């Protein structure tokens, strides 16, 4: 773990990186990812840009556990449904959130207090409550985020089987500006670039509102987190699939949990 400085591609290391497996695209183990701050000089903060020269806070990025829709194998990204109980954690998702909360406790994430910023999406807020309970954080320090952390809108893939969205991620590798096909039910059809704009706005708010704090960001999906992490380290957005928040990997045809902690190391000559 180290402070964030302007990235030099020769000095960026992501540990560990697991390539996304189609079968486990959204069946995830919440996995904390750590970003350490580098102290800012007085008056040094200004317009937030990606990648940042430095951060005013320490961040942990957590993917909420499996939802009921994901357990059923159905794509559900329409923001109208984000507070519905069916968008909440499945029993397995609740266990995943508990494991992530314990991992955060082991890492001392909230030893000196912390803020938890979950999406208002049901599963993210439920995961945030678990994290708060396990880490002794008062509920008043849970700050729901109403739009910038929404799950990526997948347009015409809404309601389809999870396996069908593999073609979305194939397009992501071609260009961050390719959108999924639209649909007329109100579900957004967002490109990677659209997500990048949202998470950059989120970081701008956090870096303006807080200084010297620890913030745990809880997202309902992995797209927000992989795009955010790619932006923070200056990685080409077309390569975001190289960053995984699935927490599950294939090993010789068998499914097993990967190590739940990702560490970011950025150094400068």
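Computed from the coordinates by the stated procedures, all read-outs in this text should not be read as laboratory data. All of these numbers come straight from a predicted model, not from anything done at the bench. Ideal geometry is used to build each Cβ from the backbone, glycine not excepted, and the neighbour counts take in all protein chains shown.
By per-residue mean of other Cβ atoms within 10 Å, what is the highest-first order of 210-218, 172-180, 66-74?
210-218, 66-74, 172-180
Taking the beta-carbon count within 10 Å as an exposure proxy, list 157, 60, 48 from fewest neighbours to most. Write down the numbers at each step before the final one.
Details: 157 20, 60 24, 48 17.
Arranged by neighbour count, lowest to highest, 157, 60, 48 become 48, 157, 60.
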Write down the Kirkwood hydrodynamic radius of region 174-243, to one decimal in angstroms, obtained as one divided by the mean of 1/r over all alpha carbon pairs. 13.4 Å
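For region 111-181, compute Rg over Rh where Rg is the Cα radius of gyration and Rh is the Kirkwood radius from the inverse mean 1/r over Cα pairs.
Answer for region 111-181: 1.14.
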Highest mean first, what order results for 49-58, 110-119 on Cβ atoms within 10 Å? 110-119, 49-58
Order of 120-129, 89-98 by packing, highest average Cβ count within 10 Å first? 120-129, 89-98
For region 53-205, what percent of Cα pairs sit more than 26 Å apart? 30 percent
Could you list 141, 99 so that the one with the fewest beta carbons within 10 Å of its beta carbon is first and the one with the most is last? 141, 99
